[in-house]
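The values are calculated or read from the model by the stated rules, or taken from the named source; none is laboratory data. Note that the structure is a prediction, hence the values are computed from the model and not measured. A quick note on method: Cβ atoms are made from the backbone with ideal geometry, for glycine too, and the neighbour counts reach across all protein chains shown. Please note that ligands, DNA and RNA were not included when accessible areas were found on the heavy atoms of the full protein model with its side chains. Shrake-Rupley method; radii C 1.70, N 1.55, O 1.52, S 1.80 Å.
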Amino acid sequence: MPIITKITQGKKNPERYNIFLEEKFAFSVDETVLIRYQLTKGKELDQWTIEEMNFEDEVRKAFNKALDFLSYRMRSENEVRQKLKEKEYGNAVIDEAIEKLYKLNFLDDRAFSEALMLTQIKTSKKGPKAIQQDMQKKGIDKQVQKDVLDSYSEEEQVELAKELAEKIAAKEKMKTPRQIQQKISDSLMRKGYSYSVIKQAVADLELEKDEDEWTDSVAEQGDKLWRKYSSKLTGYDLKSKVKQGLYQKGFPAEVINEYLEKKENEDE
């Protein structure tokens, strides 16, 4: 069996030690491994012990790399695994490092998922479907996803969806009620809210317009359609095309007719 002929302290990292066997450098180990295996000059080492020490040292290095990765923010187990794979650690080493991280409470996918959900609710007002997609991207177990998302009550979802709906309605006030409802529905669906929550969020919104609001709205959208088609169409064909476009946008017939009558008078 080879004999340790020299042990030197690492220059870059004083907590690591270089082990020389038969006057030749063999490997380096962390100080904890050095102490645990009582490595001293003159000690004989069999191949099994050498491999065991190297494995343990690799686990410690992977563990420390994971701790550094976790020092910036919370991470999921899957994120840590992927990071260690990028650093070319073997699966057995990664498994041991992950187990150690769990034992010392540095990893906790449930706590991570709860924090992720609260952050997404607070900063982006996301609904459960969108948050679930975020969890899936982080590699969170499906049952953990469900357990965490079950705490996101429908009442809270409706309240947040209403806030988003009101902002959209205020921003899109020159649109018709139908357009505004569609805009709200599309936006809230992308945010991850269910149809039933969206329906409740829209139910209490006051989207009806008074006469002046209809006049301003139809003028803005009607003029855009008029400019769009006037280069190709004239007369009855132009009016029909604009009328069809405004009707599809949700303008009442009387509002459209008043607008077209005004346009005719302008042309005269």
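When every Cα-Cα distance of segment 85-230 is counted in 5 angstrom steps from zero, the calculated P(r) takes the values 2, 9, 14, 13, 13, 10, 9, 8, 6, 6, 4, 2, 2, 2, 0 percent. Each other residue within a Cβ distance under 10 Å of G192 adds +1 if Lys or Arg and -1 if Asp or Glu, for a net charge of +4.
Using alpha carbon centroids, what distance separates segment 168-190 and segment 53-115, in Å? Taking the Cα centre of each part, segment 168-190 and segment 53-115 sit 45 Å apart. One decimal place: the segment D212-Q244 gains 9.3 nm when fully extended, by the rule 0.36 nm per residue minus the C-alpha distance.
Can you give me the % of accessible surface on segment 36-82 that is carbon or sulfur? Probe 1.4 Å, all protein chains present, nothing else counted. Carbon-and-sulfur percentage of accessible area, whole number: 47. Taking θ as phi - 60° and the Karplus parameters 6.51, -1.76 and 1.60, the scalar couplings of segment 21-27 work out to 10, 6, 6, 10, 4, 10, 5 Hz in sequence order, x denoting glycine and proline.
Of the solvent-accessible surface of segment 178-249, computed with a 1.4 Å probe and all protein chains present, 46% belongs to carbon and sulfur.
Exposure check, 1.4 Å probe, all protein chains in place: I35 carries approximately 110 Å² of accessible surface.
In whole angstrom, how long is each semi-axis of the equivalent ellipsoid of segment 1-129, when you take the square root of 5 times every eigenvalue of its Cα gyration tensor and sort them from largest down? Walk me through the numbers before you get to the answer.
Working: eigenvalues 323, 34, 24 Å².
Square roots of five times the eigenvalues give 40, 13, 11 Å.
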